[in-house]
1. May I ask you to give the solvent-accessible area per residue for the chain, in square angstrom, as obtained with a 1.4 angstrom probe?
2. May I ask you to list the lysines whose Cα is less than 24 Å away from that of Lys545, ignoring any residue fewer than eight positions away on the same chain?
3. Take the Cβ-Cβ distance between Ala329 and Arg607 as r, set R0 to 51 Å, and report the resulting FRET efficiency rounded to the nearest 0.05.
4. Given a cut-off of 29 Å, name the pairs among Lys484/Lys592; Lys341/Lys457; Lys78/Lys381 whose C-alpha atoms lie farther apart than that in the structure shown.
5. What percent antiparallel are the DSSP beta bridges of the range 3-182, to the nearest 5?
6. In the chain, with Lys and Arg counted as +1 and Asp and Glu as -1 at Cβ, which of these residues, His421, Asn590, Val155, has the Cα nearest the positive end of the dipole, that is, farthest along it?
7. Among Leu43, Pro268, Ile459, pick out the residue whose Cα is farthest towards the positive end of the charge dipole of the chain, where Lys and Arg carry +1 and Asp and Glu carry -1 on C-beta, about the Cα centre.
8. Take Met447 and Tyr483, extend 7 Å from each Cα along the Cα→Cβ direction, and tell me the distance between the two endpoints in nm.
Amino acid sequence: MTAMKIRNIIEKKRITDANLYELIRPGDRIFFSSGPVTPVTTLRGIMNTLHGNLKDLEFIMTAPIQAFFQDQDCNLGKYRLKTFIVGENIAKKYATSFIDFIPTTIAELPYLFVSGAVETDVAIVQVSTPDRAGNVSLGPVHDITRLVVDNTPLVIAEINPHVPRTHGETSIPLNAFDYIIERNTPLLSDAGREMDKTEMEIGRHVSYLIENGATLSMGLGSVFNAIAASLRDKQDLSICSHVVSDWIIDLVESDTMARNCAFNSRGPVATTSCIGSENLFRFIDNNRAVAVLPLMNSYYQKELSRIARLTSIVDVEKIDVSGDTVSIAGNEYNLDGFDSKLNFSTAATHSRDGKSIVVLRSTNEQGQSNILITHSDRPEKVRSMLGSTRYVVSEFGIAAVFGKTIRERAIAMIDIAHPRHRESLILEAKQAGIMYPDQIYCVDHAMNYPRDLEEVKKIRRSGEILFRPIKVSDEEMMRRMFYKISENTVYMRYLASVRTMPHSRMQPYVNIDYRNTLSLVGIVQKRGIEHIIAECRFAWSDDEKTHEIAFIVDEVYQGMGIGSYMVDRIIGIARDRGISKLTAYVMTENEKMSRVLERAVVLPDLRQNEHEKEYTFSLNDGLAIRDMYTVI
């Protein structure tokens, strides 16, 4: 289509605001595009102009801007708002009968319009300038707008050069519109706030859970900026999310992203809404890496669970120790808020190697715990994760809850609560009958947890291993490893025949002070489930007057250098802490353990008899410890 022909079409269909008011009739149901492409000037004009036709109107918006709607306007009988969200301010007006709220879900929303349950007489949609073919773009948002355009008698395009021309399914021919209004106003934007240290810690923990080749569903807010910033060493990631923000920019421009989105041949980012700063709108303009799609349509809804490694990340305000009941933020009552996140969360549970992750700060602004035994206030904000939660992440670590009992979940959840709240949470949990009455949890020890010792390493033939200090919540995983390894390995490790490892015995083993006793565990993920496959520790022995060192590695993972790496690390940590001597006692026939100790970063002295070898590592005699520990 020639530029002249496009210009002629615009001239033929152009109208003024006054013409628009004449086209509208009293009682009309008017649909407005929402989010960044809300036709602000037109909307404000209809609200503020006294005209005989602008009476008893019904505004239909998927995401209304609360600041535009004031109580005095509805008193004039001029308009009512029909929407599919209830924000905190909106909820107040709901109580004054100003708003009509339609309960629905992401999947049901398109059908409301297709079926005629929600009808529209006029649609006013903000779009980009036309391209050479005479098509305009819906820009950063494609929820149900195209569906409404195709099913509304009177459709007005508000052409605005500030609207980016996006790829995906946002293209609409000029001929689809009855009239055109031209504007030149910036889109509604929000640069958000900078991520803080707490969110950076959350991002660091989440990055451990993200596998190469994963497809991520995230959202709005600085915590997602922090998560994205922590993913720059990943590979072949893609994004499939109802909403994205500025965090996609650095990801797409890095070497982190895959070529295509997981379920189509378009770019690595598929989304329904791009909400953020003007920099984001410039980035998505004519950028084939970003596809703006109506992900709430039934086709895409069915495809979600077929995406391998679909990883949903949901941010909440509070969560109970079951990991399932959450309290959502005040701005999460909308369809691209908690509902859409839950939609992806449940789909992730059906995805091959998928993960559903919940993230939150351990405390609120008042210093109160965001991890609760039960929710006791603001019931209107409480939602269920529908059993989809696999992991919960705070700045204090990761709680893996999938397949665990409520008791096990409670211990894991309290382990990532703020240390100053853990003692009271333990007491509440015992009173509620959730935990064993004899459950040990020493808050002083928890305060000593050395997060700086956490490290992820890649190993031969087994991918990544997380090495970190042992936690109270590791009790069940340690018991499982004990029963998995052979009786001979147990005998070699404990220098005795140990047949059982009940709660009463394992509980004090995992409750350590991180000073006189320090234990490092190696953790792998199999299909999203964590397993401890190795442990190495030193502990003070009153009998021998020395710190004893010992380690154990699952037979499947032996011969990969894991034992050597952990021994070298534990020796280095001991020396850094001023410990002068470590001693290891090994049965004479345990040749594997002997080889590891004899090749350690510090050369040990050896004493032995026919039954036992005694290795002594002197750490204060000037022997150098290598700068690099054993390379795995």
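1. Per residue, the chain has 43 Å² of solvent-accessible surface.
2. Answer for Lys545, where 24 Å is the Cα cut-off: Lys581, Lys613, listed by chain and number.
3. Once rounded, the FRET efficiency stands at 0.25.
4. Lys341/Lys457; Lys78/Lys381
5. 10
6. Val155
7. Pro268
8. According to this spin-label approximation, the distance is 3.6 nm.
The values are calculated or read from the model by the stated rules, or taken from the named source; none is laboratory data. These figures come from a predicted structure and were not determined experimentally. Cβ: placed from backbone, ideal geometry, glycine included. Neighbour counts: every protein chain shown. In case anyone asks, the SASA skips ligands and DNA or RNA and just uses the protein heavy atoms, side chains included. Shrake-Rupley method; radii C 1.70, N 1.55, O 1.52, S 1.80 Å.
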